[in-house]
Amino acid sequence: MTVNNRILVLGSFVADLAFHVNALPAWGETRMGSSFVIGPGGKGSNQAVAAARAGGDVCFITKLGNDSFGEMARSLYRDEGIDASFIASTSQATGAAAIILDERRGENAIIIVPGACFELTAEEVARAEQAIAASSIFIAQLELPVAVVEHGLRLARKHGVRTILNPAPAMPLPDSIYGLCDYITPNETEAAALTGIEVEDVDAAERAAEALLNRGVANIAITLGANGVLLKNHELTAHLPAIDAGPVLETTGAGDAFNGGLAVALAEGRGLEEAARFACAAAGISVTRAGTAPSMPRREEIEAVLASALDR
Ligand code: RIB
């Protein structure tokens, strides 16, 4: 039997400008940092890279400016073998994210200006209808206008393609969107923004997942950072631990590694629990590396980590 591992990712690209510093500056203060790196980012693009490296046949829809950040994205997709046929262009500048990494506490703060990708229209997404229809999994996040994301989800549904919504960054959503999601993958903050339930532990995550189930989402995976992931659907409630793949260096982009891995494993026909384990391995490896898109692991690395986790 041939597996359709075609994954359609609808989302953002921005350039990540990462500053390493020993503490956040206060308003009006200038602080010396220790290093600065520019690399490809944006949740949609990161998830496209994660899925491609994990073994998916990926098509990515976004909008880019005709500038050096846009060229960074185009060359990334050539290198990663990602189908960029439905990427639109604009004279507006490609966006950027300022990522402040606190070296002492291992935390980050991010400002994102989506720029060109936020100009993507429902009509431009509709141009990719045949590519969406040919996919096994459709995945989107919230760094594009919500109406555009909802349009993409509706097109996928129209063609019986399974949908994942990664509701990041955190924001409230219209009720109409939940019934369009076969899978939803918030982290603790995002689950709280959607449900009003503060997700402080696994029990609270289960209550938030129940609330999302009642709104019409078929499968819920609430990512809990170092505490793993809480899974829920009408048949299953499970808490999977995080997978330790080595010392944590940088957690930015871990959610994107999880979502890209989850999309691939579901496309390949794995059930929710097995797919989430694969996704946890991808996220566990990504946090051992610097950067966002550059930290995404390849298939053989994920399989090696899964095999050694089984041996333990
Ligand atoms: O999820 C991480 C991403 O969020 C970063 O790459 C940054 O661009 C922000 O969009």
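The values are calculated or read from the model by the stated rules, or taken from the named source; none is laboratory data. This one's a predicted model, so the numbers in the text were calculated from it and none came from an experiment. Note that we place each Cβ from the backbone using ideal geometry, even for glycine, and neighbour counts take in every protein chain shown. These area figures cover heavy atoms from the full protein model, side chains too; ligands, DNA and RNA do not enter into them. Shrake-Rupley method; radii C 1.70, N 1.55, O 1.52, S 1.80 Å.
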Q: Using Cα centres only, tell me the gap between the stretch 9-58 and the stretch 187-262 in whole Å.
A: 22
(Q) Students often forget the sequence filter, so: which lysines lie under 21 Å Cα-Cα from residue 232 once same-chain residues fewer than 8 apart are removed? (A) none
**Q.** Under 20 Å from the residue 2 label point (7 Å along Cα→beta-carbon), backbone N, the stretch 270-296
**A.** 270
**Q.** Accessible-area order (highest first, 1.4 angstrom probe) of the listed residues 68, 89
**A.** 68, 89
**Q.** Spin-label model distance (nm) - residue 236 vs residue 203, 7 Å beyond Cα toward Cβ
**A.** 2.5
Q.
With the cut-off at 1.5 for a/c, could you classify the stretch 215-312 from its C-alpha gyration tensor as rounded, prolate or oblate?
A. prolate
Q) Whole-Hz Karplus ³J(HN,Hα) for the stretch 210-220, in order, using 6.51 cos²θ - 1.76 cosθ + 1.60 and θ = phi - 60°, x for Gly and Pro? A) 4, 5, 5, 4, 5, 8, x, 6, 6, 9, 10
Q: Quick one: grab the alpha carbon gyration tensor of the chain, order the square roots of its eigenvalues as a ≥ b ≥ c, and give me rounded if a/c is under 1.5, else prolate or oblate depending on whether a/b is larger than b/c.
A: rounded
Q) What is the stretch 205-263's relative contact order, in percent, from Cα pairs under 8 angstrom and six or more apart in sequence? A) 22
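Report the calculated FRET efficiency for residue 307 and residue 175 (r = Cβ-Cβ distance, R0 = 35 Å), to the nearest 0.05. Before the final figure, lay out the partial values.
Numbers: r = 43 Å, r/R0 = 1.22.
Efficiency computed from Cβ-Cβ geometry: 0.25.
What is the antiparallel percent of DSSP beta bridges lying wholly in the chain, to the nearest 5?
45
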Q) Using a cut-off of 20 Å between alpha-carbon atoms, which aspartates and glutamates can reach residue 63, once sequence neighbours fewer than 8 places away in the same chain are excluded? A) 16, 71, 79, 80, 83, 119, 123, 124, 129, 143, 150, 256
Q.
Can you give me the % of accessible surface on the chain that is carbon or sulfur? Probe 1.4 Å, all protein chains present, nothing else counted.
A. 53
Q | Residues of the chain: accessible area per residue with a 1.4 Å probe, Å² | A | 42
Q.
Sort 94, 2 by heavy-atom solvent-accessible area, probe 1.4 angstrom, most to least.
A. 2, 94
